[in-house]
Amino acid sequence: MAEAGVATCPQVFVVDSQANYVSVPGGRKQRWARISQKFLLPLVGLALLGLVVEGFFIYSLYEKTQEFSNCKSHPLCRNLSTPQASAQQGGPKMGQGGHKESNEIPTVKPLREQVQQRPFAQLTGSNTPKGANNVVLWENIHGDAITYNMSYDNGHLVVQQEGYYYIYSKLTLDATEECSLIQHKVMRDTSAYDKPLELMRSKSNRCLTREHLSTTPPREEDLWNSFLAGIFHLQRGDKIFVTLEDINKLRPGPKDNLMGAYLIFPGKMLQ
């Protein structure tokens, strides 16, 4: 027995160092990791596919822009912006249902083909150049004379296609008189007016010098040249011709007289 008054010893608790720790369940974290890995790769793939598609469209737009820029830089392609030129080049057409729009880039014929189709003509002096009403007659077949997409009718050059034409005329005159009035004109006969219109004119007095007047015997010829040239808008069916006020002064011959025209711009420019 224990003695009275003596306290009992406290109980001792022993800690087992080999006991296992309680682990926190990690199932939720692993599940979110698996889900994120499952959707991450498809999202990256879609992003890369989007970049590829965007690059393709940008490259296609660049190619079309370059083609359109090359077309606009060409002087013959600028007229495609007009409705008339667009219709001629196969562009949008106007129908009963309204204007038909198109996103296609208009195509242009090669420059060489367009130049080959342009009308032109050159007439040479005739051995019998005296026509009615002082109209100069020309040679349109033989020698260096030529007409292409234009026609000739009794001294008149007939226009077959509307556009801007460069027109020129050269005459050689024999001014053996003391003083001669030279009136060289290029005329236009059009259905829009009742009488011919004057396009160009050369008017001058030609007088012999004292040296020529004192020559004994007098000189047989005193040749003088008159040249006119300019650019004019002509309609289909217009007629161009040359007049000389005193046609008896004209020196005949294919090398002394010329008349010509050639198209430099088809259609009509917008103002």
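The values are calculated or read from the model by the stated rules, or taken from the named source; none is laboratory data. None of the values given here were measured: they were computed from a predicted structure. Glycine also receives a Cβ, built like all others from the backbone with ideal geometry; neighbour counts cover every protein chain displayed. What goes into the accessible areas is simple: the full protein's heavy atoms, side chains included, and nothing from ligands, DNA or RNA. Shrake-Rupley method; radii C 1.70, N 1.55, O 1.52, S 1.80 Å.
Of the residues in region 14-39, how many are open to solvent by 100 Å² or more (accessible area, probe 1.4 Å) and either at pLDDT 75 or above or of a type in the set (A, V, I, L, M, F, W, C) (or both)?
Summing the residues that are open to solvent by 100 Å² or more (accessible area, probe 1.4 Å) and either at pLDDT 75 or above or of a type in the set (A, V, I, L, M, F, W, C) (or both) in region 14-39 gives 6.
Within region 231-269, count every residue that is hydrophobic (A, V, I, L, M, F, W, C) and either more than 16 Å from Met200 (Cβ to Cβ) or surrounded by fewer than 16 Cβ atoms within 10 Å (Cβ to Cβ) (or both). Lay out the reasoning, then the answer.
Keep residues of region 231-269 that are hydrophobic (A, V, I, L, M, F, W, C), which gives 231-232, 234, 240-242, 244, 247, 250, 258-259, 261, 263-265, 269.
Filter once more, keeping what is either more than 16 Å from Met200 (Cβ to Cβ) or surrounded by fewer than 16 Cβ atoms within 10 Å (Cβ to Cβ) (or both): 231, 247, 250, 263-265, 269.
Adding up the residues that qualify gives 7.
Can you pull out the residues in region 111-125 that are open to solvent by 20 Å² or more (accessible area, probe 1.4 Å) and at pLDDT below 95? Before you say what the answer is, go through the steps one by one.
Just the residues of region 111-125 that are open to solvent by 20 Å² or more (accessible area, probe 1.4 Å), to begin with: 111-118, 120, 122.
Once the filter is applied, which keeps residues that are open to solvent by 20 Å² or more (accessible area, probe 1.4 Å) and at pLDDT below 95, region 111-125 yields Leu111, Arg112, Glu113, Gln114, Val115, Gln116, Gln117, Arg118.
Looking for something closer than 19 Å to Leu244 by Cβ, in a loop (DSSP other than H, G, I, E, B) and out of contact with any Pro (no Cβ under 8 Å at 6 or more places or on another chain) - is there at least one such residue anywhere in region 148-155?
Yes, that holds for at least one residue.
Checking Tyr164 against (1) in contact with an Asp or Glu (Cβ under 6 Å, 6 or more places away or on another chain); (2) open to solvent by less than 50 Å² (accessible area, probe 1.4 Å), only one condition comes out false. Which one?
(1)
For region 140-161: of the residues being closer than 21 Å to Met200 by Cα and of a type in the set (Val, Ile, Thr), which is most open to solvent (accessible area, probe 1.4 Å)?
My answer is Val158.
Mind checking which residues of region 128-139 are surrounded by 14 or more Cβ atoms within 10 Å (Cβ to Cβ) and either assigned to a strand (DSSP E or B) or modelled with pLDDT of 95 or more (or both)? Reasoning before the result, please.
Of region 128-139, the ones surrounded by 14 or more Cβ atoms within 10 Å (Cβ to Cβ) are 129-131, 134-139.
Matches in region 128-139: Pro129, Lys130, Val135, Val136, Leu137, Trp138, Glu139.
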